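Before any comments, here is the structure.
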Amino acid sequence: MPETKKLTGKFIVLDGPDGCGKTTQARLLVEWMQRQKVPTDSFRDPGDTTIGEEIRQILLSPQHSAMSTPAEVLLYMAARAQLWTEKITPALAANKCVVLDRWLSSTCAYQGYAGGFGMDKVIKIARECLERVWPDLTIILDVDAKAGLSRLHRQFDRMEQKGDIYHEKVRQGFLLLAKERESFAVIDATGDIETVHKKVLQIVSQASFG
Ligand code: TMP
């Protein structure tokens, strides 16, 4: 039986390439937390505030194909800064466990690495905008870029339309970031939903949150 008390007030992120299954896995993790009676809030980044949802629409609209990488960095960061202030800070202050669908790790992998902006520059900007940059635990759901995108049975948004080379770099960016940080874990997310969920629970249960 995992020790669930340690999860209160913790900040956990699920992240990874498009189609890695993080939204489903975040939902399953939250349901598990609720069964364990851990007070939990979950949010998606970008989004989950009025301002953040509007920024999300601008970012993902295929109409905005001219958007530059620096503009992407600043818009993702703006949505995140709002989410931090409006939703995450109060939830952590109430000692809830906060589960996030994406976070700064995405800006590092997409804009910083695949987009060529630079991961260090992204982190530097984040330090100016966010009171707290890194979560207690970040779980990267690793899938091959092509396999991930082939799981999306709908029209691609502006980011998804960026092509295989860009998305393979995104994956490499996530793996590089994870290699450099102890609070990151990487899971092979090519298996079925239940198999991946079990791996997520294993990581969460074993996390030392040091
Ligand atoms: P989602 O649909 O997975 O929530 O994410 C929206 C898209 O935005 C997805 O293609 C990944 C991309 N993205 C970035 O490029 N940079 C970021 O910082 C974040 C949070 C997402």
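Some points to look at:
- Positive-pole candidate from M119, L29, I187, dipole of region 4-206, charges at beta carbon: L29
- Segment K124-L176, length gained on full extension (0.36 nm per residue, minus Cα span): 17.0 nm
- Between helix 22-35 and the chain: long-axis angle, C-alpha atoms, 0 to 90°, nearest 10: 20
- Alpha-carbon centroid distance for the pair region 132-187 / region 8-57, whole angstrom: 15
- Of the peptides 137-143, 176-182, the order by per-residue mean of other Cβ atoms within 10 Å, starting with the highest, comes out as 137-143, 176-182.
- Peptide ranges 192-204, 148-160, 14-26, 71-83 listed from the most packed, as the mean C-beta count within 10 angstrom indicates: 14-26, 71-83, 192-204, 148-160
- Note on the chain: dipole from Cβ charges, positive end direction compared against C20, T107, S205; the farthest Cα belongs to S205.
- Using a simple spin-label model with pseudo-atoms 7 Å out from Cα toward Cβ, K146 and L74 lie 3.8 nm apart.
- Dipole axis of the chain (+1 Lys, Arg; -1 Asp, Glu on Cβ), positive-most option in Q155, W84, P70: W84
- Difference of contour (0.36 nm per residue) and Cα-Cα distance, D192 to S65: 42.4 nm
- Most to least packed among 86-94, 52-60 [average Cβ atoms within 10 Å]: 52-60, 86-94
- Taking a sphere under 11 Å around the Cβ of Y166 and counting the other residues whose Cβ falls inside, with K and R at +1 and D and E at -1, yields a net charge of -1.
- Near P17, once Lys and Arg are set to +1 and Asp and Glu to -1 for all other residues with Cβ below 15 Å from its Cβ, the sum equals -3.
- Helix axis angle, 164-179 relative to the chain longest principal axis, alpha carbon, degrees: 40
- When only Cα pairs below 8 angstrom with a gap of at least 6 residues are kept, the chain shows a relative contact order of 31 percent.
- The distance between label points at T85 and K37 comes to 3.7 nm (points 7 Å beyond Cα on the Cα→Cβ vector).
- Here the extension length gained between S205 and E168 equals 10.3 nm, from 0.36 nm per residue of separation less the Cα-Cα distance.
Taken together, the values in this text are just the output of simple stated rules run on the coordinates, not laboratory data. Keep in mind it's a predicted model, so treat the numbers as computed, not measured. Methodologically, a virtual Cβ is constructed for each residue, glycine included, from the backbone with ideal geometry; neighbour enumeration extends over all protein chains shown.
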